[in-house]
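Inspection log for the structure reproduced underneath, given as structure tokens.
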Amino acid sequence: MKIRVSCRGEITEIQQPAGARLLDYLQGAGIPVNAACGGNGTCHKCRVKVEEGFLGVTSVDQLAFREGELKNGWRLSCQSRPKTNVSVFLPGAESVRSKPRVIPLVADLSAFENEALVLACDLGSTGVVVAIAHKGGPVLLEAHLLNKQVPYGADVMTRLHFAQTKGVEPLRKVAFDTIRSCVKALRETAPKLYDRAAEGGVFCAGNSAMASFLNGWNIETLAVSPFQPALRDAGETSIDGLSAHTLPLLAGFVGGDTVAGILAIEKRGVEEPWMLVDIGTNTEVVINNGKGELWFSSAPAGPAFEGGNINQGMRAESGAISVARYDAGKKHWDFETIGGDIPRGICGSGLIDLLAESVKGGLITPDGFVEGGRLDLVGDIALLADDVREFQLAKSATRTAADLLIQRAGVKPRRIYLAGTFAQHLRLDSVAGVGLLPEGIPAEAIGNASLEGAVLYASMSVAERATFIARLEKMRRPVELALQDDFQDAFVKNLDFKII
Ligand code: FES
């Protein structure tokens, strides 16, 4: 059986025996399909349009598409099993870029050719950044690329489930591939700097799943409750002769990216007690209580903050509504989109803005009720009652983790440091408006702390790393949220929005 795929102007032909799902054939051929739910039929992102041949309409297709769309040949690739030759068009795959974006952060890179340099990587589950940095910082040159694992699932749980059935190797391979592409782009842009920086290898800060995939560790225990990684040690592997090191992990879902965040805060010399919050599909919260203890936990927020599981949600790419303001008097919305383009969807920061403004403007009640089940925004773009619910679950998980950790650590932090590029784009009054973080504590976005910390870790001597790891182990106070008696009550209470 032959499957012909037209994607981003390129044609790929796949020759395979019939029997599997179309999604499996596409992924097997390395075609980047957005399969945010991992092929469960719930995200409706893996859509294809039949151009020639036949794919039957399944009951899930009927839920995902309008009648006209079905007539025009739209199907979910995770639900379709082609039996004869078929040609399909795959849209939306443009978001999985194959070429990194290289960003110089200093005007004259050649001025650093004789300096001590390091190579560090923020191995995010969505975005990956590999950077050449001055030893101890700052970063000089960055290469950004979407993690090529994204087609295997929007969040780490979906990818872990994939790895349980199909093995870690495909995910390890694409993680290598992502880093390799970034490394190549840096080498081509600044060969002299790269050669100096790469001497010690590349130091990667990633969550526990990312570190496990990269090192090829067994993920069986990480994929099921209580989510223990096979190892918590710093890892070492090799990518085409370049040694790749991963930062140590604190726990199942508090990984090397959080350890990097701790390094980034410590470098600032801030006053304790402090709180670090890294908002994402899995939100990590850490408190240094100033008494030699590091309390930490993680909350499975899901992909809502990245626009996932939101009907018209999208990543923070051009055309995504990123800022929203509502004038209740004039009943009028003002939007800003990324790149100033025509609105195509809603990204995470836009979603937080939309909800905070809607609650403030009386369009959504404080308990999340949307009259008529939808809020029309602009053009075809609307916020649906399901989206509001999805967001409430994500924000309550985050808020509850922060609240309970404050109780367990026995202190109120002086300041909350928000790690991650997502947090940088948030309006802090909207964050307060939706009740995402505990009230009365000043919050500050500190940017990509994972990359900053990876640079700091890469800059340490072997002995310094060993001392740091031993100190972390001594301070380590994990809190398993799901096992806390008061978690459920707090979670339900925190579903409500707060009004600023
Ligand atoms: S609906 Fe097909 S991958 Fe989500």
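The values are calculated or read from the model by the stated rules, or taken from the named source; none is laboratory data. Since the model is a prediction, treat every value here as computed from it, not as a measurement. Glycine also receives a Cβ, built like all others from the backbone with ideal geometry; neighbour counts cover every protein chain displayed.
Some points to look at:
- Test: residue in region 166-187 that is out of contact with any Cys (no Cβ under 8 Å at 6 or more places or on another chain), on the phi > 0 side of the Ramachandran plot, surrounded by fewer than 19 Cβ atoms within 10 Å (Cβ to Cβ) and free of Cβ contacts under 8 Å to residues at least 40 places away in the same chain: yes
- Contact map, region 218-229: first residue exposed (fewer than 15 other Cβ atoms within 10 Å of the Cβ), second residue modelled with pLDDT under 90, Cβ cut-off under 9 Å, separation 6 or more or different chains; pairs are 225/482; 226/482; 226/483.
- Filter result (of a type in the set (A, V, I, L, M, F, W, C) and either more than 21 Å from the chain's Cα centre (by Cα) or modelled with pLDDT of 95 or more (or both)) within region 223-236: 230, 231, 234
- Pairs, first more than 19 Å from residue 15 (Cα to Cα) in region 74-85, second modelled with pLDDT of 95 or more and crowded, with 24+ Cβ neighbours inside 10 Å, C-beta under 6 Å, six or more apart: none
- Of note, residue 211 satisfies the criterion of being in contact with a helix residue (DSSP H, G or I) (Cβ under 8 Å, 6 or more places away or on another chain) and within 14 Å of residue 159 (Cα to Cα).
- The set of residues from region 255-289 being assigned by TED's automatic domain parsing to the domain that holds residue 441 and touching an Asp or Glu at 6+ places or on another chain (Cβ under 6 Å) comprises 278, 281, 284, 288.
Yes or no, residue by residue, for (1) under 19 Å from residue 395 (Cα atoms); (2) in contact with a strand residue (DSSP E or B) (Cβ under 8 Å, 6 or more places away or on another chain):
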{"residue": "292", "(1), (2)": "no, no"}
{"residue": "296", "(1), (2)": "yes, yes"}
{"residue": "302", "(1), (2)": "yes, no"}
{"residue": "317", "(1), (2)": "no, no"}
{"residue": "330", "(1), (2)": "no, no"}
{"residue": "352", "(1), (2)": "yes, no"}
{"residue": "358", "(1), (2)": "yes, yes"}
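- Residue within region 420-442 that is surrounded by fewer than 17 Cβ atoms within 10 Å (Cβ to Cβ), in a helix (DSSP H, G or I) and modelled with pLDDT of 95 or more present: no
- Candidate set: region 342-393, residues that are part of a helix (DSSP H, G or I) and among the hydroxyl-bearing types (Ser, Thr, Tyr); chosen: the one modelled with the highest pLDDT: 358
- The sole residue among 321, 310 that is surrounded by 24 or more Cβ atoms within 10 Å (Cβ to Cβ), in contact (Cβ under 8 Å) with a residue 12 or more places away in the chain and assigned to a loop (DSSP other than H, G, I, E, B) is 310.
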